[in-house]
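Below is one structure, written out as structure tokens; comments come after it.
The values are calculated or read from the model by the stated rules, or taken from the named source; none is laboratory data. Since the model is a prediction, treat every value here as computed from it, not as a measurement. FYI the Cβ positions are ideal-geometry reconstructions off the backbone, even for glycines, and counts take in every protein chain you see.
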Amino acid sequence: MNALLEPILKSPALPSHLAELERAMEAERQRREVFYDEITEDHTWEFINGRTFLHAPSRAVELLVADNLYYPLRHHVLRSKCGRLGRDRLLCGFPRNDYLPDIVFFGPAKARLFKPDTMKFPVPDFIVEVLSPSTEKHDRGVKWEDYQTNGVGEYWIVDPDAKTVEQFFLKDGRYPRRVTARTAGILESTVIRGFKLPVKAIFDADAAL
């Protein structure tokens, strides 16, 4: 039994707690419907735990790092025809939240479901988030937990200031350990088969050429 739920389930006030939770979830569902009604392809909004968050403009270093990782990934995915790669304009729907990850990958089974007018995408198989001062709390907090809980097979957190990449690999429904790659290391994906890249190439524009 979940340790957080145990005292609630044993409480005589359980029915009132459940009613309160249902009211809160219904209000959140209504706010999410408004979010879907109002969002357009021009918006960079996320819906997280009942609230709407607007993406702040990216710093130059964040854009450089994202480009240096995205283009080698794209080349590999196109060459190997192993799925579909996307960037931060793809709204990914999770059971409770909607995110715009920096880089996402969908394996063949999910990629085949996409249509030309698809605007809300399923849970990705692989996600990269490039840290920024405004997003780090979510990237390391609710997103990390949500990605783990909902089966994202591989999650990378890229820190453009520390020049590190933290890799989380899903095993038995959990991210059991963190692998931190620094400038001298080689990145290798388990979800995107065959993809390897020197860590230095992400943070050094010359090395990425």
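Assorted remarks:
- In the set (1) over 11 Å from the mean Cα position of the chain (by Cα); (2) without any contact (Cβ under 8 Å) to a residue 40 or more places away in the chain, LEU90 fails one condition alone, (1).
- In region 92-113, the residues that are at pLDDT below 95 and either within 19 Å of VAL34 (Cα to Cα) or in contact with a strand residue (DSSP E or B) (Cβ under 7 Å, 6 or more places away or on another chain) (or both): ALA111
- Number of residues in region 62-113 that are closer than 30 Å to ARG31 by Cα and hydrophobic (A, V, I, L, M, F, W, C): the value is 12.
- PRO133 vs. criteria part of a loop (DSSP other than H, G, I, E, B) and within 17 Å of ARG74 (Cβ to Cβ): no
- Only a single criterion out of (1) part of a strand (DSSP E or B); (2) out of contact with any Phe, Trp or Tyr (no Cβ under 6 Å at 6 or more places or on another chain) is not satisfied by VAL128, namely (2).
- The residues listed here are ILE157, ILE202; of these, the one that is part of a helix (DSSP H, G or I), closer than 19 Å to PRO101 by Cα and in contact with a helix residue (DSSP H, G or I) (Cβ under 9 Å, 6 or more places away or on another chain) is ILE202.
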